[in-house]
Number of protein chains: 2
Amino acid sequence: MDLFHALSDEGGRLSSLEAKLAQFALENVDFVVNSSIIELAERAGVSPPTVTRFCRRLGCQGYSDFKVQLAKMAYIGLRYLKPEAPTATAEEVAHDIISKAQNALFEVHRQLDLAVIEKAAQMLRAADFIQAFGASGNSAMIVNELHNRLFRLGCHINASNDHNMNLMISAAAQPGTVIFGSSYTGRDMGLVHCLELLRQRAIPTIVMTQNGSPVATAADLVIAIEMPEGKNIFRPTSTRYAYLAAIDILANMVAYADRNRAFKSLRSIKEELVRNRDGDDRQLLGD
Amino acid sequence: MDLFHALSDEGGRLSSLEAKLAQFALENVDFVVNSSIIELAERAGVSPPTVTRFCRRLGCQGYSDFKVQLAKMAYIGLRYLKPEAPTATAEEVAHDIISKAQNALFEVHRQLDLAVIEKAAQMLRAADFIQAFGASGNSAMIVNELHNRLFRLGCHINASNDHNMNLMISAAAQPGTVIFGSSYTGRDMGLVHCLELLRQRAIPTIVMTQNGSPVATAADLVIAIEMPEGKNIFRPTSTRYAYLAAIDILANMVAYADRNRAFKSLRSIKEELVRNRDGDDRQLLGD
DNA sequence: CTACCAATGAAAATGAATTTCACTGGATCG
DNA sequence: CGATCCAGTGAAATTCATTTTCATTGGTAG
């Protein structure tokens, strides 16, 4: 299933020649994918049976299956291994940003604890009112997005990125309110203060952040996302894609938690939009 | 190279059995990818040699190569064909959202005209002031994101999603100002009015939208993005990922257009953040 | 009507992948 | 310290998948 991690050999389960093969495969995906077992064996300096055993140990059916899996994987997930080359041309920048974003999506899919997402969706669904806190541009985008997705479903939600305001909101929150917080780093101390206050007041909190961070510790339910950070300061982090996907999944689960309400709400928005625009039904909910 | 299009057989180059095979392959990628030529032949009701010939006609080396190509393709681009099955479990939702997002990234990478991006980057770089207009949640997110990326680079930029305000801003814009607009549908008539006004006033405009749409027609430079739309009303469109990636690439090109300025600006932001937070240098620019 | 050609499958031939088996070197146990 | 075992490995044999060859069919053009 997860060939990439098998190839990375974190558990050290591979023998020395197998590790050599793994490294060779990671570095020469294209070659491997287009070669016969004999060519690969020769090039990597091992015998064909060793290659077959290697494939089996990785959880594949055999060599052909390995090639297929590798080809599937090649598009995603692989580039983490390659050192971050400073890029300059538009082609390079585009390629780099796209593949990092895809990696981030791949990673978040692997990491997301769906049981936690479902729990969070239930809490949000059941809430009388949702307050979404996130600051600093990135998390602000995330909570705005949550607002954008949830108000359509008929949820009562407010998004805010003003720390002082958040503190007042936290102090005034009524039972029935659920607070959602986002922080990539988990070190948004303004958010931590709010969460502590909310815990004292027994208002339930959900956060999307790094596990083990101050924000995570201060919250009731943690949607944990850990992303490796790039080194290129000119480049925004690809973590945003991961968070955005997590929000999408969460919002979708909220919708499914009460399809009827969501459907009715979406439908009236749609009708109103169609009436007010040019009557073209193909349009999106939101531009 | 482009197996997907070959399989779609637009030119009708395939014989009847081959067309049958193509359809079967598109509908049963997983089966094909995991089967031998004999199993496939049997299941599709043809003989193995026909399968081999079919693979060759599609531009592959042979059957194994075909499987590899198909596996590569399967992750991307293919799901567009499948009717959108209503999904319900968290696993299905997560998988579907992630793969759609990855498809969107793949597509935008394929479509983006990098020459246009570079042109836009030059214009934004040279501008005294940038106004970014986008409404309806999705495009609002995009222009906020552009703001978030460009202010860091030392650009003077304002993002706005208030149509009346945008109209006033357009009427008041000075030479040296560049307007950036975003609209997924290209039918944001408020934006079109602004663009028309700006054209009269000879203020340069850049838009990110669908080619051929009213918004595109009314603008000077068009960053064209066309995304197929999903049918699931509960699901937000994956177009956001494509737009976000395009913004990332654009912002990065702006940064590279004047590295020194960008570096100095980023550096002072970073210093200030480090001073004001807990001195941990690993933190991001923005949370 | 005949000859040709494209499409197809059966059978043979090829060649790749896997299994078997034997060997090696290092670890373990008495 | 030596005997034994075992994991790891490759050579050779085997199996099996793939491809090629060739014959057949059905349709089409002259």
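Below, the figures for the structure above:
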item	result
Residue that is farthest from A:M73 (Cα to Cα), among those in the stretch A:51-62 that are more than 10 Å from DNA strand D (Cβ to nearest atom) and assigned to a helix (DSSP H, G or I)	A:R56
Failed item in (1) within 14 Å of another protein chain (Cβ to nearest Cβ); (2) over 20 Å from the mean Cα position of the chain (by Cα); (3) farther than 22 Å from B:Y243 by Cβ, with A:A216 passing the rest	(2)
So A:L21, is it open to solvent by less than 40 Å² (accessible area, probe 1.4 Å), closer than 15 Å to A:M73 by Cβ and more than 9 Å from DNA strand C (Cβ to nearest atom)	no
Search result, residues across the stretch A:91-116 that are aliphatic (A, V, I, L, M) and more than 9 Å from every other protein chain (Cβ to nearest Cβ)	A:A104, A:V116
Yes/no for A:D2 being modelled with pLDDT of 90 or more and either closer than 30 Å to B:R240 by Cα or not assigned by TED's automatic domain parsing to the domain that holds A:M227 (or both)	no
Any hit, the stretch B:111-130, residues being of a type outside the set (G, A, S) and at pLDDT below 90	yes
Residue among B:R267, B:R261, B:R235 that is modelled with pLDDT under 70 and either over 30 Å from B:A90 (Cα atoms) or within 12 Å of chain A (Cβ to nearest Cβ) (or both)	B:R235
Qualifying residue in the stretch B:27-50 (condition: more than 16 Å from DNA strand D (Cβ to nearest atom) and closer than 30 Å to A:G59 by Cα)	yes
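A quick yes/no check of all residues on (1) touching a residue at least 12 places away in the same chain (Cβ under 8 Å); (2) touching a strand residue (DSSP E or B) at 6+ places or on another chain (Cβ under 6 Å); (3) crowded, with 22+ Cβ neighbours inside 10 Å:
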residue: A:R125; (1), (2), (3): yes, no, no
residue: A:D128; (1), (2), (3): yes, no, no
residue: A:Q131; (1), (2), (3): yes, yes, yes
residue: A:V143; (1), (2), (3): yes, yes, yes
residue: A:F151; (1), (2), (3): no, yes, no
residue: A:L167; (1), (2), (3): yes, no, no
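The values are calculated or read from the model by the stated rules, or taken from the named source; none is laboratory data. Quantities reported herein were computed from a predicted structural model and do not represent experimental measurements. Glycine gets a Cβ as well: all are built from the backbone with ideal geometry, and neighbour counts include every protein chain shown. These area figures cover heavy atoms from the full protein model, side chains too; ligands, DNA and RNA do not enter into them. Shrake-Rupley method; radii C 1.70, N 1.55, O 1.52, S 1.80 Å.
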